[in-house]
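I am attaching a structure below and will ask some questions about it afterwards.
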Amino acid sequence: MKKVFLLVATTFMASTIYATQPTHQLDLSDNSLTFDTNEVWDGIYNNENLCADGFVFSHTAPYGPGYYEGFIASRNTDTQNHYDAPGWTANQWGCMAKGGVDPKSEQSYNAEAIEGKPFLINYYSAYSFASSQYGASYITLEDNATYIPQGIYVCNSPWGYYGCTEGDGFAQPLAQEGGYYKITFNGVNIKAETTKSVDFYLAERQYSDRNSDGLINEGDNFTLDHWAWCDLSELGEIDVLYITMDSSDKGEYGMNTAAIVCMDGLSVVKQSGSVSNISTPTNRIYAANGDLYITLPDAQTIALYTTTGTLACKASLTAGSHVLDLRHLQPGIYFVRHNNGCNKIILQ
């Protein structure tokens, strides 16, 4: 009995402390974002982060128009199955809930949506995660303060939903025994230490006892088609929240299921100010029209390598923006090594 009382008392004290701190709640409809004809944020192919309600959502377009990594905003209501991969590439902007979370919804597994209300889409790049500090999908606060994440609403995109249920021309439907598709939220504190990670399953096929009936059977199969609350409070005080994704459907180059997911309503309790762990928030490296565009926060030596490891060129650059003419090089894939990792570029 005493242990139960202590647990309740501790929880009450923690709630009281959180209540005295300012809370940041994401609501994209309150921001001055502008959208294109697809009802997608018109900054999608710019190398600029998405900023809203005091949050910074990482975003890059490393290979120019037609490709992006990280977060974008959308108010597209499409939920159709576009099946083949080219069709999905041109129709990847929807959400199975048809819109962002209704602010009046309770933080539960079945939250209501408002059709056409803006929401986040995240495209997770396994390559960028392997080659840079936190990959291309991370969240900080605009003033670099630390925060305690309370939670976030999550929903499948149509591409992920139909990839799990029917296949998409590349991904196969999830295996009926043990198939899964998930997003993982990882917290990093001011000491650059990962605090904890929280898995949230977007689809399962007899992978765990989802309905808690003591059995693993068809009753545990699901593919998320609505907004559901993911509690992130156990991550504790952090200054970076980064995202990874995984699926049981894997091939030679990683998971086959589309690495795309919808999110909304992120809620955090802001803590004292600090300097963010993202060591190079303004580091931008991309290629376009035969030129290499580089923005550096400090002086560095940049080295460009071919896919076979041959040094193609090298330059010592000052802090600031630079444009390097690479038209003398053969078109193809190259790797740019710098002080904080490696970026892949495509010369055309």
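The values are calculated or read from the model by the stated rules, or taken from the named source; none is laboratory data. Small disclaimer: the values here were computed from a predicted structure and weren't measured. Note: ideal-geometry Cβ built from the backbone for every residue, glycine included; neighbour counts use all protein chains shown.
So the check is Cβ under 6 Å with 6+ separation or different chains; which pairs have a first residue in region 294-323 that's at pLDDT 85 or above and a second one that's among the basic types (K, R)?
Correct list of pairs: A303/K314; A303/R337.
How many of the residues in region 102-137 are surrounded by fewer than 21 Cβ atoms within 10 Å (Cβ to Cβ) and of a type in the set (V, I, T)?
The number of residues fulfilling the criteria is 1.
Conditions tested, residue by residue: (1) over 18 Å from G70 (Cβ atoms); (2) not in a loop (DSSP other than H, G, I, E, B).
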| position | (1), (2) |
| --- | --- |
| Y109 | yes, no |
| L120 | no, yes |
| Q133 | no, no |
| A136 | no, no |
| I148 | yes, yes |
| I152 | no, yes |
| Y161 | yes, yes |
| A171 | yes, no |
| A175 | yes, no |
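Of everything in region 326-348 that's of a type in the set (S, T, N, Q) and modelled with pLDDT under 80, which residue is surrounded by the most Cβ atoms within 10 Å (Cβ to Cβ)?
N343
Okay, residues lined up against (1) of a type in the set (S, T, Y); (2) in contact with a helix residue (DSSP H, G or I) (Cβ under 7 Å, 6 or more places away or on another chain):
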residue: P103; (1), (2): no, no
residue: G135; (1), (2): no, yes
residue: I139; (1), (2): no, no
residue: Y147; (1), (2): yes, no
residue: P158; (1), (2): no, no
residue: Q176; (1), (2): no, no
residue: K191; (1), (2): no, no
residue: F200; (1), (2): no, no
residue: R205; (1), (2): no, no
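Right, something else. I'm trying to understand the selection: among the residues of region 304-325, which are part of a strand (DSSP E or B), surrounded by fewer than 16 Cβ atoms within 10 Å (Cβ to Cβ) and of a type in the set (G, A, S)?
Residues satisfying the conditions are A315, S316, G320, S321.
Name the one entry in A73, A97 that is outside any loop (DSSP other than H, G, I, E, B), modelled with pLDDT of 90 or more, among the small types (G, A, S) and in contact with a strand residue (DSSP E or B) (Cβ under 6 Å, 6 or more places away or on another chain).
A73
Quick one: Q92 ticks every box in (1) surrounded by 24 or more Cβ atoms within 10 Å (Cβ to Cβ); (2) part of a loop (DSSP other than H, G, I, E, B); (3) in contact with a strand residue (DSSP E or B) (Cβ under 7 Å, 6 or more places away or on another chain) except a single one, so which number is it?
Among (1) surrounded by 24 or more Cβ atoms within 10 Å (Cβ to Cβ); (2) part of a loop (DSSP other than H, G, I, E, B); (3) in contact with a strand residue (DSSP E or B) (Cβ under 7 Å, 6 or more places away or on another chain), Q92 violates only (1).
Let me ask something additional. For S212, only one of the following conditions fails: (1) touching a residue at least 40 places away in the same chain (Cβ under 8 Å); (2) small (G, A, S); (3) farther than 28 Å from G94 by Cβ. What is its number?
(1)
What's the total number of residues in region 231-260 that are of a type in the set (A, V, I, L, M) and under 16 Å from Y201 (Cβ atoms)?
Result for region 231-260: 7.
Step by step: first the residues of region 163-207, then only those that are aromatic (F, W, Y) and within 18 Å of the chain's Cα centre (by Cα), then the one that is farthest from Q150 (Cα to Cα). Which residue is that?
Y181
Please find, among Y109, Y127, Y123, Y134, the residue that is at pLDDT below 90, of a type in the set (F, W, Y), out of contact with any Ser or Thr (no Cβ under 7 Å at 6 or more places or on another chain) and closer than 23 Å to Y162 by Cβ.
So the residue among Y109, Y127, Y123, Y134 that is at pLDDT below 90, of a type in the set (F, W, Y), out of contact with any Ser or Thr (no Cβ under 7 Å at 6 or more places or on another chain) and closer than 23 Å to Y162 by Cβ is Y109.
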